[in-house]
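Scroll down for the structure; my scribbles are underneath it.
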Amino acid sequence: MTAIEVALAGLALTFALALLRVGIGPTLADRAAATDVCLYSLVASLAVLAVSQESEAFIDVLLIATLLGFVASVALARLIGRERE
């Protein structure tokens, strides 16, 4: 196995465990954090694939996905904060 295959396998395992947490998470905050982990493991997988194929075409997609994930995390954190008040 090459290092790229090991990295992709680790990221797939991370995604699977986070997806399990989304399903069984007892609170909304647990589910939100697990969803973030799912998104960023997908982004990291795309980055590994971009490196393996020596392609720069994925960079824009990675930046936009990361930015959208960050904005969604902030919005969800504010929503959870309002529910507690």
Quiz prompt | Residues of segment 36-85 satisfying the condition of being in contact with a Ser or Thr (Cβ under 9 Å, 6 or more places away or on another chain) and more than 30 Å from T2 (Cβ to Cβ) | solution = A72, S73, L76, I80
Quiz item: Take the residues of segment 17-47 that are of a type in the set (A, V, I, L, M, F, W, C) and over 21 Å from F70 (Cα atoms): which is modelled with the lowest pLDDT?
Solution: I24
Exercise. Go through segment 23-35 and give me each residue that's more than 14 Å from I80 (Cα to Cα) and buried (at least 16 other Cβ atoms within 10 Å of the Cβ).
Key: G25, A34, T35
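Table: residues versus (1) part of a helix (DSSP H, G or I); (2) closer than 17 Å to L11 by Cβ; (3) aliphatic (A, V, I, L, M).
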residue	(1), (2), (3)
D30	yes, no, no
A34	yes, yes, yes
S41	yes, yes, no
A50	yes, yes, yes
E56	no, no, no
I59	yes, no, yes
A65	yes, yes, yes
G69	yes, yes, no
I80	yes, no, yes
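Of everything in segment 1-28 that's assigned to a helix (DSSP H, G or I) and of a type outside the set (A, V, I, L, M), which residue is farthest from the chain's Cα centre (by Cα)?
At the first step, the residues of segment 1-28 found to be assigned to a helix (DSSP H, G or I) are 3-24, 28.
Next, only the ones that are of a type outside the set (A, V, I, L, M) stay: 5, 10, 14-15, 21, 23.
Values: E5: 19, G10: 13, T14: 9, F15: 8, R21: 13, G23: 15 Å.
Ranking the candidates gives E5 first.
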Quiz item: Which residue pairs have Cβ atoms under 6 Å apart, sit 6 or more places apart or on different chains, and have a first residue in segment 20-45 that is without any contact (Cβ under 8 Å) to a residue 60 or more places away in the chain and a second that is of a type in the set (D, E, K, R)?
Solution: V22/R31; G25/R31; A34/R21
Quiz item: Within segment 46-65, which residues are loosely packed, with under 14 Cβ neighbours inside 10 Å, in contact with a Leu (Cβ under 9 Å, 6 or more places away or on another chain) and of a type in the set (V, I, T)?
Solution: V61
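The values are calculated or read from the model by the stated rules, or taken from the named source; none is laboratory data. Note that the structure is predicted; figures quoted are calculated from it, not measured. Note: ideal-geometry Cβ built from the backbone for every residue, glycine included; neighbour counts use all protein chains shown.
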